[in-house]
Amino acid sequence: MTKGNGAQALIQTLIHGGVDTCFTNPGTSEMHFVAALDRSNMRGVLCLFEGVASGAADGYARMADKPAATLLHLGCGLGNALANLHNARKARVPMINIIGDHATYHTQYDAQLQSDIETVAKNISTWFKTTPETSQLAADAAEAVAVAKGPPAQIATLILPADVSWGEGAEPVQAHEPVQAPAASGETVQAIARVIKKSGKKVAFLLGNRVLREAGLRAASQIAQKTGAKLFCEVFPTRLERGEGLPAVERIAYLAEMASVQLDGYDHLVLVDAKAPVSFFAYPGKKSYLVPDKCTAHTLVEPHEDALASLQALVEAAGASNTEPKLQSAERPKLPKGKLNAAKVCQAIGALLPTHAIISDEAQTSGVRLPSFTAGAPRHDVLALTGGAIGQGLPVAVGAATASPDRPVLALVGDGSAMYTIQALWTIAREGLDVTTVILNNRSYGILNIELERVGADKIGPKAKAQLDLSEPAIDFVAMAKGMGVSAQRVATAEDFNAALRNALKTRGPYLIDAVVPSEYEGLKLKALPHMLNALGSVPSPVAKAIKKKIAP
């Protein structure tokens, strides 16, 4: 291998490890890495904000099943990326962050941008390291790749002082051999098999991350068809394959009261690459741990184990190997008519969604009807807001489209969350990505209006309401999109939205639709929601389940 400077050896080592895409927002300390891109096969994708770069690397990993890199500038750049790195950590995806730092001899002067990068990195990285000298850089990079790939998949952060980057005499190294993840132990599999075959007991499965693709869904459905078990999946899945010809699973509701209704009555909950469900936040007088008191949770697979192989072993142990899975039939809603609202947006998506589309879903309260309207649509993937930190939808769409250039990507985002990372539109245009963005524009932080009512806050007055209102001045998403090179239009009727979405999906390249919709929860409906949620625990279970299905099907 040819020797060169540290940055050149770093990039070649990453490429040897299969990391060939880097989402960048560089500064002065990273200029040698930037220059080294020209002598490599690494793809550099410029992002105008670090949170776009980190979210894009997350979306890339979800679709490519391998890590991308980010290139960020010092501790401030890493700090700007933190929210979407948090989402990526919760998604349990592989990622490598390259963080430029001041030259080793320069740190003693505490320059204006000097900071404790390792402390910032510790929040979101399983592995982090500052490389002290050029000769060690390639080996550290190879270790970062190995850690990121796992098992389990993780985030690794390599801190790169500028003089280590420009230092000469570095030589790239080959990647470490991949580690084969073991399946769950035979004892664990047999113990759970005995539980799910026990007569008279109600069993549910909660499926997560690695078993929400076709093979895992089919295996879980075989068990469900054999034993009568119910299939749930995480409220915000990393990547869920769904639609015609695939087994259907019911997502756990975001609102804890509704999730409790879904889980009510089960004696056993089998966790397959998922954590036991908990409430997103604490609420006065309400439970945080959502597994029912008389329900026993069982963990089939640990993060370092092979989730799919473990589930397939359970199929055999349950005697379901010859059982056919239950598959979703083809079914589409009709195109909506009349004044536009969020439900009609979801209905139109169900009617028009193309085969093998990827949905980056950050629709928040406006997307509550999306799962029911798209259940029988052609096969597609859903990438959800795994960590709850808004501003993920557009960056994840960037990464997904970069990893899967032959598949149409549909980014569904609220108006408030879109403004966190609106710069992603520029990267979508620059890279010519096939991303259709739908802004569900209800001119408010809709989810926070609900939370304000739920948390038992004092009497809500005009100052409180103003903190959640985005109507004045109205945000002009069409002007912003066009200013960043993305064609766009605003719609307020179902007919106009149908036409815009049909045109956007059949024409390759970026497009934005600003869908002006009323809030799903406002006025008396918003006021009544907390009382209705509180009542769910005191009505008969069938009634509670019917109410839940009506509100959030």
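All of the numbers you see were taken from the coordinates with simple rules; none came from a lab. As the structure is a computational prediction, the values presented were derived from the model and not from experiment. So basically every Cβ, Gly included, is an ideal-geometry build from the backbone, and we count neighbours across all protein chains shown.
For the reader, a short list of remarks on this structure follows.
- Dipole magnitude of the chain about its Cα centre (Cβ charges: Lys, Arg +1; Asp, Glu -1), debye to nearest 20: 2600 debye
- Taking amide H as placed 1.01 Å from N in the peptide plane, the amide H of residue 340 sits under 5 Å from that of 493, 494, each at least 5 places away or on another chain.
- The tail of the calculated P(r) for region 254-389 beyond 26 Å holds 45 percent of all Cα-Cα pairs.
- Where the alpha-carbon atoms of region 260-327 are placed on the principal axes, they occupy 48, 28, 23 Å, in descending order.
- Radius of gyration and Dmax over the Cα atoms of region 342-521, both given in Å: 15.9, 52
- Dividing the summed -39500 (n - 2.57) terms of all DSSP H runs of n ≥ 4 by the residue count of the chain sets its mean residue ellipticity at 222 nm at -11500 deg cm²/dmol.
- Taking each of 202/549; 344/465; 230/334; 198/230; 230/550 in turn, the alpha-carbon distance tops 24 angstrom for 344/465; 230/334.
- Compactness ratio for region 325-374: Cα radius of gyration over 2.2 N^0.38 Å (N = residue count) comes to 1.19.
- Sorting 221, 288 by the number of Cβ atoms found within 10 Å of their own Cβ, with the fewest placed first, yields 288, 221.
- For region 6-166, alpha-carbon Rg and Dmax in angstrom: 13.8, 43
- Amide proton proximity set for residue 46, modelled H, under 5 Å, gap of 5+: 24
- Close amide H contacts of residue 104 (hydrogens built in the peptide plane, cut-off under 5 Å, sequence separation of 5 or more or a different chain): 162, 163, 164.
- Counting only residues at least eight positions apart within a chain, or on another chain, the aspartates and glutamates with an alpha carbon under 12 Å from that of residue 545 are 257, 264.
- Here region 149-169 and region 357-412 have alpha carbon centers that stand 30 Å from each other.
- Table column - 3J(HN,Hα) (Hz), region 405-412, Karplus curve with 6.51, -1.76, 1.60, x for Gly and Pro: x, 8, 10, x, 10, 10, 9, 10
- Separation of region 175-229 and region 57-108, taken as the distance between their Cα centroids, equals 32 angstrom.
- Exposed GluC sites (Glu not before Pro) absent - longest run of the chain, DSSP non-H/G/I/E/B, at most 14 other C-beta within 10 Å: 332-521
- Here is the tail figure for region 186-317: Cα pairs spaced more than 26 Å apart come to 18 percent of all pairs.
- Radius of gyration and maximum dimension Dmax of the chain, Cα, Å: 24.2, 73
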